[in-house]
1. Output the residues belonging to segment A:125-159 that are at pLDDT below 85, among the hydroxyl-bearing types (S, T, Y), assigned to a helix (DSSP H, G or I) and surrounded by 24 or more Cβ atoms within 10 Å (Cβ to Cβ).
2. For segment B:31-76, name all the residues that are under 20 Å from A:N123 (Cα atoms) and aromatic (F, W, Y).
3. Looking at segment B:124-147 only, could you name the residues that are surrounded by fewer than 10 Cβ atoms within 10 Å (Cβ to Cβ) and either within 23 Å of the chain's Cα centre (by Cα) or outside any helix (DSSP H, G or I) (or both)?
4. Name the residue that is farthest from the other protein chains (Cβ to nearest Cβ), counting only residues in segment B:17-30 that are surrounded by 14 or more Cβ atoms within 10 Å (Cβ to Cβ) and assigned to a helix (DSSP H, G or I).
5. Any residue that is at pLDDT 85 or above, over 26 Å from B:M9 (Cβ atoms), touching a helix residue (DSSP H, G or I) at 6+ places or on another chain (Cβ under 7 Å) and within 12 Å of chain A (Cβ to nearest Cβ) - is there at least one of those in segment B:31-52?
6. Going through A:V175, A:V187, A:V210 one at a time, which residue ends up being among the hydrophobic types (A, V, I, L, M, F, W, C), open to solvent by 20 Å² or more (accessible area, probe 1.4 Å), farther than 27 Å from A:T310 by Cα and part of a helix (DSSP H, G or I)?
7. For A:G240, state whether it is in a helix (DSSP H, G or I), surrounded by 18 or more Cβ atoms within 10 Å (Cβ to Cβ) and out of contact with any strand residue (DSSP E or B) (no Cβ under 6 Å at 6 or more places or on another chain).
8. With (1) within 19 Å of the chain's Cα centre (by Cα); (2) more than 12 Å from chain B (Cβ to nearest Cβ); (3) assigned to a helix (DSSP H, G or I); (4) crowded, with 17+ Cβ neighbours inside 10 Å as the list, and A:D62 as the residue in question, which single condition is left unmet?
Amino acid sequence: MVDTAFIVEVIIIWIKVVVVALVLFSMPLALTWIERKVAGHIQVRLGPFRVGPHGILQAFADMVKMLFKEDVIPDRADRLLFKIAPLLMMVPVFAIFVAIPFGDKVTLPFTDRELTLYISDMNVGIIYVLAVSGLAVYGVIFGGWASNSKYALLGGLRSSAQMISYEVVMTFAAVGVVMLANSLSLVDIVRSQSGGFWHWNILYLPVGPVWFFIFFIAGLAELNRIPFDLPEDEGTLAAGYHVEYSGMRFAFFMLGEYVAMVSISALAVVLFFGGWDDPLGPFAFGIPPILWFVAKVMVFIYIFMWIRFTLPRYRYDQLMTIGWKVLIPISMANVLVTGFMRI
Amino acid sequence: MAEKFFFLMFAVVAVGSALAVISLKNPVHSALSLIACLLQVAAIFVLLRSPFLAVVQVFIYVGAVMVLFLFVVLVLNIKKAQLETFPKGRRWFAYAIVPVVGIEFLAVIFGKSFTATGYEAAVEEVKVATLGRALFTEYLFPFEVVSILLLAAMVGAIIMAKKRWD
């Protein structure tokens, strides 16, 4: 009934899922160190320097600190929801990576087996990514509500309003890319951009850069990063939805945020920068496509950090105005222009 | 075989969480159960080989509608006690109507008329392009009617919200 080929398929999928999950779990360790180093150098200081050479073990020290910190649950909190809210934030961002293509097919050495460097090529990939990334908002809402604290509740409501507003904007940007690629599958979207950087969606003039601009701003807001980091606005609501969290549960929220940053970077690369495509096209000199993908993602992660330590924060009403009164009208006009160009 | 196992898993969780929606006292817990229920339904759509429907279910119901539900629940801050007292005097009405409606539902579900005839289970995944083409050719008129209905509802909602602020 069940043949070996089927079992091998299942095992391969398992291995891929485990590898991707492990890589994603270990990334925040490196990213916190890089972020603090970038912050340090931008602000003309050294950043973490004590633990290990150039503070490279700082992240492990932080992890140990988080693990041993007391896990405080407020007396009047809703205990069950308080405990699962960080997971509700974390699970969706990991689930996004099911659909993200890291590279094309490769042939495994010593066997004839072909291996695809993505977990699943869904024919609705891009809607799946948008739908699943939208679920992270529940971590914010339930986290804020379950803490049974005014600041956390108001912070949660404020953050979730921000996230669902910018989800609309991000969906528009995705519509633009779908119109350029004629497909909802992320693998097809990357393939439609292959053959050098002049084929990438970012250079589909004049609409490509506009779509990227819209996507990038929406991405910043979805990630709750500066200049849209209202959830972490200490000046107004203590901190926002995670005021009452401490120890590992707080770390889960942060982990979710870092993995989300990786996911938005990967998505930007897939949608606008040709995914694993070699920028030199026909003049390529044999750098494996997956390395190109990783390099592009790293550049985006650096840009996110760079922006964080360069720009000030928007006020809440400015944030909403930018989303609803600027970006959405621009997107609507851009849909029209893209439509005419694609006829 | 595997499909049946997954169907049963999703179905059991869906029914269980649907029961939780109506039996839990706290509205926020009910909302969470409803989210779980809608996710299971989306999973069943995947088993029926309509990934588009599944993803849209997650996108619209779980990602948007439920968030707005929760907003209303959280902002109004309904007290637990208020909910627990069922309106008195209406109880006899509920006792009378529930068995009748229940028997009707069971009769329809187990009756023959509920089984669709001439329908074959899809073997291939439904492509989004097929869906779009059907929507803009065969079902163009209903599609436009629904669009106008939604637009009217949206404008109405905005006007109703605006009146309260003036």
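The values are calculated or read from the model by the stated rules, or taken from the named source; none is laboratory data. This one's a predicted model, so the numbers in the text were calculated from it and none came from an experiment. Positions of Cβ are generated from backbone atoms using ideal geometry, with glycine treated the same way; all protein chains shown enter the neighbour counts. Each accessible area value is taken on the protein alone, full model and side chains, heavy atoms only, with ligands, DNA and RNA left out. Shrake-Rupley method; radii C 1.70, N 1.55, O 1.52, S 1.80 Å.
1. A:S159
2. B:F45, B:F52, B:F59, listed by residue number.
3. Step one: list which residues in segment B:124-147 are surrounded by fewer than 10 Cβ atoms within 10 Å (Cβ to Cβ), which gives B:124, B:137, B:141.
Selection gives B:E124, B:T137.
4. Initially, segment B:17-30 is screened for residues surrounded by 14 or more Cβ atoms within 10 Å (Cβ to Cβ), giving B:17-18, B:20-21, B:24, B:26-30.
When the remaining residues are screened for being assigned to a helix (DSSP H, G or I), the result is B:17-18, B:20-21, B:27-30.
Values: B:S17: 14, B:A18: 18, B:A20: 12, B:V21: 15, B:P27: 11, B:V28: 6, B:H29: 8, B:S30: 12 Å.
The qualifying residue farthest from the other protein chains (Cβ to nearest Cβ) is B:A18.
5. Residues of segment B:31-52 that are at pLDDT 85 or above, as a first pass: B:31-47, B:51-52.
Retained after the next criterion (residues that are over 26 Å from B:M9 (Cβ atoms)): none.
No, that holds for no residue.
6. Values: A:V187 fails: open to solvent by 20 Å² or more (accessible area, probe 1.4 Å); A:V210 fails: farther than 27 Å from A:T310 by Cα.
Only one candidate qualifies: A:V175.
7. Numbers: in a helix (DSSP H, G or I): no; surrounded by 18 or more Cβ atoms within 10 Å (Cβ to Cβ): yes; out of contact with any strand residue (DSSP E or B) (no Cβ under 6 Å at 6 or more places or on another chain): yes.
So A:G240 fails the test.
8. (1)
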